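Peer 1: Okay, here's the structure, questions in a sec.
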Amino acid sequence: MKRKLFFLPLFLIAVLFAGCIPLLIGTGFVSGIVFGKDSISGNLDAPASEVIEVVKEVINQRGEIMDEDETAKTLRAKIKDDWINVRVKELTPNASNLHISARKEFAISDQKLAQDIFTDVVSKLSHN
């Protein structure tokens, strides 16, 4: 009987610190863990300068650009309640990588919006 009582407190301590309680009190959110995928990235057969111009056009149709760094080819925009971050990297003179992330308030991901913007950019580039 004494042996069983010895293991009971150890078992309770293990359960409390194993993940159930930290999850209930929201330790994951407080420590900055982001839940959900919020971005889309892909390589495009177009120069980086052309891609960033098309991105600006697509975003200006939906919202407004808040900040832009032309040398780094990055921009930050607001569409309704979502913050959009865009980065274009030049891979070769005729190819680039487009990375778009979208987040709502409180770090909630909005991958659908990121995908919609990416799809619009690819569609406009294919029609040019």
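The values are calculated or read from the model by the stated rules, or taken from the named source; none is laboratory data. In this text, all values refer to a predicted model and were calculated from it rather than measured experimentally. Glycine gets a Cβ as well: all are built from the backbone with ideal geometry, and neighbour counts include every protein chain shown.
Peer 1: Any idea which of SER96, SER101, SER109, SER123 is within 14 Å of ILE52 (Cβ to Cβ) and either small (Gly, Ala, Ser) or within 13 Å of the chain's Cα centre (by Cα) (or both)?
Peer 2: Result of the check over SER96, SER101, SER109, SER123: SER96.
Peer 1: I need a count of the residues in the stretch 88-128 that are within 16 Å of LYS78 (Cα to Cα), without any contact (Cβ under 8 Å) to a residue 60 or more places away in the chain and crowded, with 16+ Cβ neighbours inside 10 Å.
Peer 2: Of the residues in that region, 2 qualify.
Peer 1: Report, ordered by the first and then the second residue, all pairs with beta carbons closer than 6 Å, sequence separation of six or more or different chains, a first member in the stretch 66-84 that is assigned by TED's automatic domain parsing to the domain that holds LYS56, and a second member that is of a type in the set (Val, Ile, Thr) and at pLDDT 90 or above.
Peer 2: LYS73/ILE52; LYS73/VAL88; LEU75/ILE65; LEU75/VAL86; ALA77/ILE59; ALA77/ILE65; ALA77/ILE84
Peer 1: Tell me which residues, restricted to the stretch 58-82, are surrounded by 17 or more Cβ atoms within 10 Å (Cβ to Cβ) and closer than 20 Å to GLY42 by Cα.
Peer 2: Passing the criteria: VAL58, ILE59, LYS73, LEU75, ALA77.
Peer 1: Moving on to the next point. Quick check, is PHE29 at pLDDT below 95 and either in a helix (DSSP H, G or I) or out of contact with any Phe, Trp or Tyr (no Cβ under 9 Å at 6 or more places or on another chain) (or both)?
Peer 2: Yes: the conditions hold for PHE29.
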